[in-house]
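Presented below is the structure to which this report refers.
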Amino acid sequence: MKQAPAKITIVSQSHLCRNPRVLKEATALAAAGYNISIFTAVYSDELYREDLSLLAGTGISYEIYSDLRKRDWASFKARLSRKLWLIAQTWGIESRYILGYNAGNLKKRITASRADLYIMHQELATVTGGLMVDDYRVAFDLEDWYSEDLLPEARKNRPIKLLKQAEKTALEKGAACYTTSHAMANGLKAFYNSGRTSAVIYNSFNANNTTGEQQLQQDYLHLYWLSQTIGPGRGLEFFISCMAKSKVRCKLSLRGNIAEGYKNSLLAILAPKDSIEFLPMIKNSEIQADMGCYHIGLALEPDTPPNKDLTVSNKLFHYMAAGLPVIASYTRGQAEIAQQCPGLIFMYRQNHVDELVGILNELGAKIETGSLPALKTRMIEFYQANFSWPIQAEKLVNLIKNIFETAR
């Protein structure tokens, strides 16, 4: 009699269309023959419909453990509970209830139909998984270093001790633990003095073979920056000031949600030779093709806190997958990728004006000589051979396969 496929439950706390790593993981494991369910929290009808469209035809089950779309008694209780625990946090009382809605029901909900393996994503699921490891087979995808993220003011509302304990448990007791870069894996190992190093699954994407080069103008350097939220502290002010000091005419396209006041502050420091274009967010499924219409991607990440220094941002791999050479600030995570593809990622040290201005001038010269298209072709070919999602998906499938083989 043929054995039924192993059942894997993936637990997150955000809409699938806002967390592409969960979607990629789920579809890769479903394609490998596993029975996949995703449990998550939702708050928007529009985003929920987008979630379902992404899962169409995959056979993946999509379950909700916290639903804030309706203003009913259940959602009121969930919101009130979190607010009360946030107040308790100001008195030094930590709780997983701070990390998300309906936290107390999460473990019961996901274990009602027992899975052969649970894979935990994001803060609340990681903490919940830490409570389950003695009774269930639990793996952890540490997408970020949760206890070492955000600036000091924001960390006041975070249960840092609880997150640290959950991360340590994930490293030491998880059926598997994996993360987004070798820099992150080594940082976690050193911090927790663990004898175990997390596996690395880069958060990459499928390569886009259509670069959109025919749509590009060649009389200016067209720079592109993507983020769901555009605001202060992201390196844009510094970058625009360096654009002004460069010899090349620059057009900066910013895609994401931005407040009108901040938009005006950026325009106020713009040099007459340069321009800025503000673009709305688009669906994840449209991002790759759109990126092919620009010259250079921007990954202007800060090197603090430690999570920002050690991770590799989604946008870096998005740019590479679309064939965009990248201007990147120095972080240990981004340097890890840049060292593997010399001449394709142009890296400057944090706040070093001369280095960034020099990079802009160098790329401007490539526009004048017509050599940028060849650089974009090199990027897409190198990325496809070394970083694209099918390569990472194979590593993930082998990692999960090893969990089940070891358990026999």
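The values are calculated or read from the model by the stated rules, or taken from the named source; none is laboratory data. Everything numeric in this text was worked out from a predicted model, so none of it was measured. Note that we place each Cβ from the backbone using ideal geometry, even for glycine, and neighbour counts take in every protein chain shown.
Structural remarks
- Hits in the range 90-138 (condition: among the aliphatic types (A, V, I, L, M) and free of Cβ contacts under 8 Å to residues at least 12 places away in the same chain): I93, A112
- Residue within the range 178-199 that is β-branched (V, I, T), modelled with pLDDT of 95 or more and over 17 Å from R21 (Cβ atoms) present: yes
- Among (1) farther than 30 Å from R234 by Cα; (2) touching a helix residue (DSSP H, G or I) at 6+ places or on another chain (Cβ under 7 Å); (3) crowded, with 21+ Cβ neighbours inside 10 Å, the one test that L131 misses: (3)
- If only residues of the range 13-71 that are under 18 Å from A393 (Cβ atoms) and of a type in the set (S, T, Y) are counted, the one that is nearest to the chain's Cα centre (by Cα) is T27.
- Residues in the range 103-129 that are modelled with pLDDT of 95 or more, small (G, A, S) and in a helix (DSSP H, G or I): A125, G129.
- N314 modelled with pLDDT under 95, at negative phi and touching a Cys at 6+ places or on another chain (Cβ under 7 Å): no
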